[in-house]
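Colleague: What follows is a structure written as structure tokens; I'll ask about it next.
The values are calculated or read from the model by the stated rules, or taken from the named source; none is laboratory data. What you see is a predicted model, and the numbers here were worked out from it, not measured in a lab. Cβ sites come from the backbone with ideal geometry, for glycine too, and all protein chains shown count toward neighbours. These accessible areas exclude ligands, DNA and RNA; they are computed on the full protein's heavy atoms, side chains included. Shrake-Rupley method; radii C 1.70, N 1.55, O 1.52, S 1.80 Å.
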Amino acid sequence: MIETAQAFGVDIGGSGIKAAPVNLEKGEFAEPRLKILTPEVSTPKAVGEIVRQQLEHFEVPETAPVGIAFPAPIHVGEKLGYMANLDQSWIGVDVTEVFSEACGRPVTVVNDADAAGLAEQQFGAAKGQNGLVVATTLGTGIGTALIFNGELIPNTELGHLELLKGKGDAEKYAASSVREKLDMGYKKWAKRLTKYYSLMEFYLDPQLFVVGGGVSRVSEKFLPYIDIKTPIVAAKLHNEAGIIGAAYYASTKMK
């Protein structure tokens with residue numbers, strides 16, 4: 001692994017598994033990432049084998065912290081309760097154990113939305129922000145991460161908040177995929193997002209909202225029209241956030 005890297009991060013998604021050595025002093029990739037397509041049958045064995053290949057590709061030393069961003073709530077020492085984006089054979093499996101065995105070393109696993117939120121808090125749009133930061137990922141669904149004074153409050157699922165006036169599950173009403181499916185304009189979508197963020201504002205009273213996901217690259221089309229009091233900003237690390245956040249999280253667990 002290149003000398004400028006202090007940790008290694010992996011981001012596991014339904015379509016691709018991305019990995020890179022990470023420079024934790026700068027909060028950026030130390031080398032270009034390696035992406036391998038997620039196997040069509042994405043069993044624990046198949047996905048674990050790809051992560052092992054990525055570690056070998058970058059010649060990651062045994063002493064380097066390895067963090068894996070994973071698309072499900074992660075409770076250390078407990079078996080997975082449900083799985084949306086990978087093969088159903090993950091249910092009932094200890095995810096950390098699976099990857100540690102596949103890689104032949106201890107690894108740290110963290111929920112993917114939590115990893116992205118941590119990266120933004122440490123290195124990105126929320127760097128230096130005290131108090132409560134709520135990082136959201138707008139995509140197929142809505143992922144959320146809560147960070148309080150730099151400490152992660154893991155495994156929140158606030159994309160499933162029930163909106164007021166019978167609007168139902170937030171991500172089924174306001175996710176980026178919903179806007180695309182309905183061919184909705186950005187300003188109209190911002191009205192839906194206002195309903196979502198104003199409810200979180202009421203419940204949580206955060207210091208800052210960070211908006212990530214692919215759509216954050218065109219944040220100027222909708223962010224100015226989200227009508228709430230709390231400051232709301234676009235994520236800076238975009239699709240690098242999962243890898244960087246996972247690597248950072250793993251480094252905090254090895255101290």
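Colleague: With the cut-off at 1.5 for a/c, could you classify the range 1-134 from its C-alpha gyration tensor as rounded, prolate or oblate?
Modeller: Taking the square roots of the gyration eigenvalues as a ≥ b ≥ c, the range 1-134 is oblate.
Colleague: At 1.4 Å probe size, what's the solvent-accessible area of D183? Round to the nearest 10 Å².
Modeller: Roll a 1.4 Å probe over it and D183 shows about 140 Å².
Colleague: Using a 1.4 angstrom probe on the protein heavy atoms only, could you order H238, H75 from most to least accessible area?
Modeller: H75, H238
Colleague: Rank these residues by their accessible area, most exposed first, probe 1.4 Å: T230, T4.
Modeller: Ranked list, largest accessible area first: T4, T230.
Colleague: What figure, in Å² to the nearest 10, do you get for the accessible area of R217 with a 1.4 Å probe and non-protein molecules left out?
Modeller: 140
Colleague: From the protein chains alone at 1.4 Å, what is the descending order of accessible area for K221, K45, K127, largest first?
Modeller: K45, K127, K221
Colleague: List, in the order given, every pair from K79/K187; K79/K195; K181/K236; K18/K172 whose Cα-Cα distance in the structure shown is over 31 Å.
Modeller: Over 31 Å Cα-Cα: K79/K187; K79/K195.
Colleague: Once you sort the root eigenvalues of the Cα gyration tensor of the range 211-255 as a ≥ b ≥ c, which label holds: rounded (a/c under 1.5), prolate (a/b larger than b/c) or oblate (the other case)? Walk me through the numbers before you get to the answer.
Modeller: On the way: a/c = 5.60, a/b = 2.18, b/c = 2.57.
Oblate.
Colleague: Between E220 and A84, what is the label-to-label distance in nm when each label sits 7 Å out along the Cα-to-Cβ direction?
Modeller: Going from the E220 label point to the A84 one covers 3.1 nm.
Colleague: Label-point separation (nm) for R105 and D183, each offset 7 Å from Cα along Cα-to-Cβ?
Modeller: 5.1
Colleague: Another one. Given the protein chains as shown and a 1.4 Å probe, how many square angstrom of K188 are accessible, to the nearest 10?
Modeller: 130
Colleague: Give the share of C-alpha pairs in each 10 angstrom bin for the range 125-235, from 0 to the last occupied bin, in whole percents, shortest bins first.
Modeller: Answer for the range 125-235: a P(r) of 15, 52, 29, 4 percent.
Colleague: Let's see if you can work this out: charge +1 on each Lys and Arg Cβ, -1 on each Asp and Glu Cβ, no other charges. What is the dipole magnitude of the chain about its Cα centre, in debye to the nearest 20?
Modeller: Magnitude of the dipole: close to 1040 debye.
Colleague: So, in nm, how far is label S15 from label K127 when the simple model puts each one 7 Å beyond its Cα toward the Cβ?
Modeller: My value for the distance between the label points is 2.9 nm.
Colleague: In addition: Let me see the P(r) profile for the chain: every Cα-Cα distance counted, bins of 10 Å, each bin given as a percent of all pairs.
Modeller: 8, 32, 35, 20, 5, 0
Colleague: At 0.36 nm per residue, and after removing the present C-alpha to C-alpha distance, how many nm does the segment from A46 to K229 gain when stretched out fully?
Modeller: 61.3 nm
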